[in-house]
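For reference, the structure is listed below as structure tokens.
The values are calculated or read from the model by the stated rules, or taken from the named source; none is laboratory data. Model, not experiment: these values are computed from the prediction. Note: ideal-geometry Cβ built from the backbone for every residue, glycine included; neighbour counts use all protein chains shown.
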Amino acid sequence: MKYLGIEPARPKVAVFDFTGCEGCELQLANKEESLAAFLGSIEIVNFREVTSTRRDDYDVAIIDGCISRDDEVERIKEIRSRAKILVAMGSCASFGGVNRMKNAYNLDDANREVYGDKPQATGLTRSIKEVVDVDLEIPGCPVSKEEVERIVQHLVLGVAFTFPVSPVCFDCKHRFITCLFEHGKLCLGSIARSGCNAPCPAGGLGCWGCRGPAEDCNLEQFIAIARERGFSQKEIDERLGFFGGFEGLR
Amino acid sequence: MLFKVMAKSSFEELVGLLLESNEVIGPRMKTRHPDGKGVHQFLPITAFADMDLDYEKSEYSPKTYFLPFKENLSTYRFQGGDWEQEIKYRIQPRAIVGMRACDINALVKLDKVLLKGDFPSPYYLARRKNTFIIGLDHDPCENGFCASVGSDIVSHGFDLFLTDLGDRYFVAIDSDRGYRVAANVEIRDPTEADNEAYVQTRNRIAKGFKVEVSIRNLPQILDLEFQSPVWKKWGDKCLSCGSCSAVCPTCYCYGVEEKVAMDFSESAKVKRLYSCNLYDFAMVAGGHNFRPSRESRLKYRYYHQHRGFVETYDEPKCVGCNRCGDVCLAGINPPEVITDLEKEAAR
Ligand code: SF4
Ligand code: SF4
Ligand code: SF4
Ligand code: SF4
Ligand code: SF4
């Protein structure tokens with residue numbers, strides 16, 4: 001259907017999974033009320049979770065998960081060479097995600113901890129952009145389906161998309177939430193990128209920064225505030241390191 | 001202005017009458033801070049007893065009943081080559097009970113911008129006209145400085161405004177409908193003694209302010225101190241989170257987003273309140289950002305409150321509730337920032 005006179009394109013899309021929980025892929029298949037329209041607006045040529053089609057003629061490759069093995073490096077390079085647009089989907093693909101915590105330990109120890117006496121091939125966790133060029137990162141653990149829908153709309157209509165730049169606090173305030181710091185809880189909301197509608201502060205958990213840092217976030221001041229309110233540097237570092245989005249800023 | 005006196009039981013009766021045919025909003029305790037102090041919010045009530053009229057100030061301002069954080073401005077439906085637009089201004093009649101003077105003064109300021117300006121907002125008008133306002137006086141809240149900015153007393157912008165005289169209320173009536181509603185319960189003319197008690201109560205309240213801010217000459221001082229190190233000092237602390245504007249009873253900035261249905265059959269223009277402290281507030285087409293630094297954005301917020309608004313409307317935009325200061329994780333608050341500027345200018 002034409003929108004404001006523009007005939008939407010119907011790009012060929014493939015979704016590939018790397019190291020991760022596949023939760024973001026599941027998100028793509030969620031939101032039933034608009035799922036048919038979503039899948040109809042693109043042509044899915046390869047996506048293990050929703051179709052048995054396996055074609056290589058995709059325009060857009062959506063990558064779920066991070067890179068943590070050598071064979072994955074080869075695979076992502078191959079995909080990059082075919083795709084016109086490569087999208088890193090979710091915190092794992094964008095920053096390494098929770099998998100990145102492994103990098104703080106000795107790799108052999110980590111391997112033993114997880115696989116016992118049957119060690120598996122595993123390397124340091126890397127985000128997709130650390131291995132190949134990425135055209136777009138959609139942060140979130142998992143990604144917001146609503147945001148993915150908007151991105152796809154922009155893609156098919158050929159209109160530029162921008163992410164919100166403000167910190168989660170702004171979303172949180174729009175939900176009339178009493179700040180968790182008032183109740184002695186740590187929250188990354190004032191430095192983390194919004195757009196998620198602050199489900200974690202609303203649920204009393206505090207933000208863990210799954211969408212990475214807000215634009216020009218004031219990390220230094222945040223750490224000072226958290227320290228002043230009695231949180232240890234270790235607690236703060238653990239929180240900042242959880243999804244890997246603050247890597248490089250710290 | 002017409003003054004009457006009403007027994008406390010009559011006020012309860014009056015709220016009951018309003019509840020019969022209106023949505024009634026009042027101050028309710030939502031939760032408590034760990035120190036035991038209640039956190040209040042303006043929320044729908046179903047009975048008089050739901051309200052805690054002794055509340056100090058609500059965490060969020062009741063502005064959101066006039067300027068919601070999110071509002072659907074219009075919806076479009078596309079069919080064939082044509083489209084249909086639907087705009088809904090109508091709202092259910094609503095009464096807000098227990099608003100403080102500062103919050104009513106904030107509405108009076110918003111009226112100037114949104115009703116009397118060059119581009120009156122029909123959305124705001126509909127909500128404003130359909131909302132019956134009963135204000136309630138109180139002793140100063142902990143860190144409010146409304147008296148310093150002339151917002152501790154309100155002379156219009158409400159239907160009824162009550163001052164607690166112990167066993168009765170002194171009632172100021174500012175609208176025809178206020179009179180008609182009040183006349184449904186027992187009211188009487190004030191006696192000499194009532195008038196005296198009212199003046200004494202006002203005097204007690206006026207003496208109760210712990211925070212005082214000098215805003216004399218502030219617009220000029222702001223001009224002189226445009227390059228002041230004070231801005232860097234506070235700007236470096238700012239998290240650019242926009243919480244201050246979200247809770248501020250007079251902030252009205254917004255952005256409009258297009259929300260398109262996934263099947264492209266319809267779309268909506270959705271307005272969302274915004275904040276000048278947010279990174280992209282002054283970002284223009286082409287990607288240039290006129291206020292890329294925290295310092296410049298924070299400064300701008302103070303300039304609008306205490307300089308720009310004064311130039312247009314001869315009064316500050318700020319009503320001195322200090323909600324922005326209460327909510328700021330970085331501890332940025334108007335009394336301290338303004339005092340710093342005054343000191344800097346006096347050096
Ligand atoms: S709870 Fe978190 S997101 Fe919400 S205002 Fe506080 S710091 Fe910000
Ligand atoms: S609140 Fe924080 S952790 Fe939760 S979804 Fe949003 S960005 Fe992620
Ligand atoms: S002044 Fe405080 S509340 Fe306002 S944007 Fe800065 S840090 Fe956030
Ligand atoms: S410019 Fe800033 S201070 Fe002024 S109304 Fe907008 S958000 Fe509030
Ligand atoms: S600027 Fe702060 S003190 Fe002034 S009206 Fe807004 S929230 Fe209240």
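When B:Asp236, B:Asp326 are screened for being closer than 22 Å to A:Asn218 by Cα, within 13 Å of another protein chain (Cβ to nearest Cβ) and crowded, with 16+ Cβ neighbours inside 10 Å, only B:Asp326 passes. Scoring A:Ser194 on the criteria (1) out of contact with any strand residue (DSSP E or B) (no Cβ under 8 Å at 6 or more places or on another chain); (2) within 11 Å of ligand 1 (Cβ to nearest atom); (3) within 25 Å of A:Leu35 (Cα to Cα) leaves a single failure, condition (1).
All conditions in (1) within 14 Å of chain B (Cβ to nearest Cβ); (2) buried (at least 23 other Cβ atoms within 10 Å of the Cβ) hold for A:Ile67, with the sole exception of (1).
Check whether at least one residue in region B:265-283 is of a type outside the set (Lys, Arg), surrounded by fewer than 16 Cβ atoms within 10 Å (Cβ to Cβ) and in contact with a Gly (Cβ under 8 Å, 6 or more places away or on another chain), and report yes or no. Within region B:265-283, none of the residues are of a type outside the set (Lys, Arg), surrounded by fewer than 16 Cβ atoms within 10 Å (Cβ to Cβ) and in contact with a Gly (Cβ under 8 Å, 6 or more places away or on another chain).
Within region B:299-347, the residues that satisfy the criterion of being modelled with pLDDT of 95 or more, away from ligand 5 (no atom under 12 Å from the Cβ) and among the hydrophobic types (A, V, I, L, M, F, W, C) are B:Val310, B:Leu329, B:Ala330. I'd like to check something: does region B:285-296 contain any residue that is of a type outside the set (Gly, Ala, Ser) and in contact (Cβ under 8 Å) with a residue 60 or more places away in the chain? Within region B:285-296, one or more residues are of a type outside the set (Gly, Ala, Ser) and in contact (Cβ under 8 Å) with a residue 60 or more places away in the chain. Among the residues of region B:58-100 satisfying the criterion of being basic (Lys, Arg) and outside any strand (DSSP E or B), which is surrounded by the most Cβ atoms within 10 Å (Cβ to Cβ)? Selected residue: B:Arg100. Among the conditions (1) in contact (Cβ under 8 Å) with a residue 60 or more places away in the chain; (2) more than 8 Å from ligand 2 (Cβ to nearest atom); (3) within 19 Å of B:Gly242 (Cβ to Cβ), the only one that A:Arg211 does not satisfy is (2). Looking across A:Asp171, A:Asp216, A:Asp135, one residue alone is acidic (Asp, Glu), more than 30 Å from A:Glu33 (Cα to Cα) and either within 11 Å of another protein chain (Cβ to nearest Cβ) or surrounded by fewer than 22 Cβ atoms within 10 Å (Cβ to Cβ) (or both). It is A:Asp216. Within region B:25-51, count every residue that is acidic (Asp, Glu) and modelled with pLDDT of 95 or more. Within region B:25-51, residues that are acidic (Asp, Glu) and modelled with pLDDT of 95 or more number 1.
Taking each residue of region B:241-255 that is farther than 14 Å from B:Gly325 by Cβ and within 11 Å of chain A (Cβ to nearest Cβ) and looking for partners that are within 16 Å of ligand 1 (Cβ to nearest atom) and among the aliphatic types (A, V, I, L, M) with beta-carbon atoms closer than 6 Å, six or more apart or interchain, yields B:Gly242/B:Leu278. Take the residues in region B:33-55 that are outside any loop (DSSP other than H, G, I, E, B) and of a type in the set (Gly, Ala, Ser); name whichever of them is nearest to the other protein chains (Cβ to nearest Cβ). So, considering only residues that are outside any loop (DSSP other than H, G, I, E, B) and of a type in the set (Gly, Ala, Ser), the one nearest to the other protein chains (Cβ to nearest Cβ) is B:Gly38. Taken as a whole, the structure places B:Lys259 among residues that are over 30 Å from B:Ala346 (Cα atoms) and within 14 Å of another protein chain (Cβ to nearest Cβ). Only residues that are free of Cβ contacts under 8 Å to residues at least 24 places away in the same chain and among the aliphatic types (A, V, I, L, M) were counted in region A:1-49, giving 7. Can we say A:Cys210 is crowded, with 23+ Cβ neighbours inside 10 Å and either more than 28 Å from B:Phe69 (Cα to Cα) or within 10 Å of chain B (Cβ to nearest Cβ) (or both)? Answer is no for this residue. Of the numbered criteria (1) closer than 18 Å to A:Pro164 by Cβ; (2) within 13 Å of ligand 4 (Cβ to nearest atom), the one B:Asn289 fails is (2). Pull up region A:1-21, narrow it to residues that are under 29 Å from the mean Cα position of the chain (by Cα) and among the β-branched types (Val, Ile, Thr), then point me to the one that is nearest to B:Lys259 (Cα to Cα). Here the residue is A:Val13. Looking for something of a type outside the set (Ser, Thr, Tyr), touching a helix residue (DSSP H, G or I) at 6+ places or on another chain (Cβ under 7 Å) and within 14 Å of chain B (Cβ to nearest Cβ) - is there at least one such residue anywhere in region A:11-25? Within region A:11-25 (the criterion being of a type outside the set (Ser, Thr, Tyr), touching a helix residue (DSSP H, G or I) at 6+ places or on another chain (Cβ under 7 Å) and within 14 Å of chain B (Cβ to nearest Cβ)), the answer is no, since none of the residues qualifies.
When B:Ser10, B:Ser58, B:Ser21, B:Ser74 are screened for being away from chain A (no Cβ under 14 Å), within 30 Å of B:Arg202 (Cβ to Cβ) and hydroxyl-bearing (Ser, Thr, Tyr), only B:Ser10 passes. Given the structure, is A:Pro142 modelled with pLDDT of 95 or more and at the interface with another protein chain (Cβ under 10 Å from one of its Cβ atoms)? Criteria not met by A:Pro142.
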